[in-house]
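So that we are looking at the same thing, I have put the structure below in structure tokens.
The values are calculated or read from the model by the stated rules, or taken from the named source; none is laboratory data. Keep in mind that this is a model prediction, so the values were computed, not measured. Cβ: placed from backbone, ideal geometry, glycine included. Neighbour counts: every protein chain shown.
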Amino acid sequence: MATDYDATEFVDSDFNPQKTQYSSFAQGFGQTPRAPTREEVDSRVSEAQQKLAELKRAQEELERERAALEETRRRQVEFQTGRQEMTQHLTRGVGLLEEAEFNARRDAEQMTKVLFEFREALKNIELIQEETWTRDNFHVELTRALTVLENARMEWNAARLKLPVLSREAAPANTTGEANEARRNDLPLDQGFFQLCRLGLALTWPLALVAIGALGLLVAILVRH
């Protein structure tokens, strides 16, 4: 059996013009929509202000969230940049220090070896006793002593090439005293009185001539006046 046709089934309510409570109320009685009252306008204004306040609070919240995100991004960039920078510095520093440590260890080992050889060479030189030599073994002992000295000299020269500290010549202790003594000797304190006078005159005669000239010029000006 066919159902009854209902025209409202094909009408989309979303496309119907919205009706206010005033218009629906007025249409219910067959009247035109009336103007809103003062109380209704005040109520709508209060609602609008409340919505604006809520929107303002939401905007402030978003601003605070945006500022926090910006700070977080800045800190992340600072962290990434600092990590990259310090990784490069520390990697380079580790390489340099490892190389320096290796060189220092090698120099220390070499210095220990040279120190041992120096002590052995010094001991061999100190073992040479010339007073025990006899006429029979003189040439043999002399040759042996010269060999010991030559070996020590070779050790010394080789060590000087390996260790620059051995090439630093120690300054003589009496250098300053000799310099002061030389300066004291240069002073004409031991000369006679007349020689000192002649020396003083030789040093001051240009000033004396200038003073005499100035005095003569002053006397001439006074005589003219």
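Scan the stretch 108-165 for residues that are of a type in the set (Ser, Thr, Tyr) and touching a helix residue (DSSP H, G or I) at 6+ places or on another chain (Cβ under 9 Å) and jot them down.
Thr132, Thr134
Anything in the stretch 124-160 that is in a loop (DSSP other than H, G, I, E, B) and among the aromatic types (Phe, Trp, Tyr)? List them, or say none.
Trp133 - this is the single residue of the stretch 124-160 that is in a loop (DSSP other than H, G, I, E, B) and among the aromatic types (Phe, Trp, Tyr).
Here's another thing I want to ask about it. Name the residue, out of Thr91, Thr176, that is assigned to a helix (DSSP H, G or I), of a type in the set (S, T, N, Q) and modelled with pLDDT under 90.
Thr176 is the lone residue from the list that is assigned to a helix (DSSP H, G or I), of a type in the set (S, T, N, Q) and modelled with pLDDT under 90.
Being touching an Asp or Glu at 6+ places or on another chain (Cβ under 8 Å) and either surrounded by fewer than 10 Cβ atoms within 10 Å (Cβ to Cβ) or among the hydroxyl-bearing types (Ser, Thr, Tyr) (or both) is the filter here; which residues of the stretch 100-126 pass it?
none
Follow-up. Does the stretch 137-144 include one or more residues that are among the acidic types (Asp, Glu) and within 25 Å of Asp107 (Cα to Cα)?
No; the residues of the stretch 137-144 include none that is among the acidic types (Asp, Glu) and within 25 Å of Asp107 (Cα to Cα).
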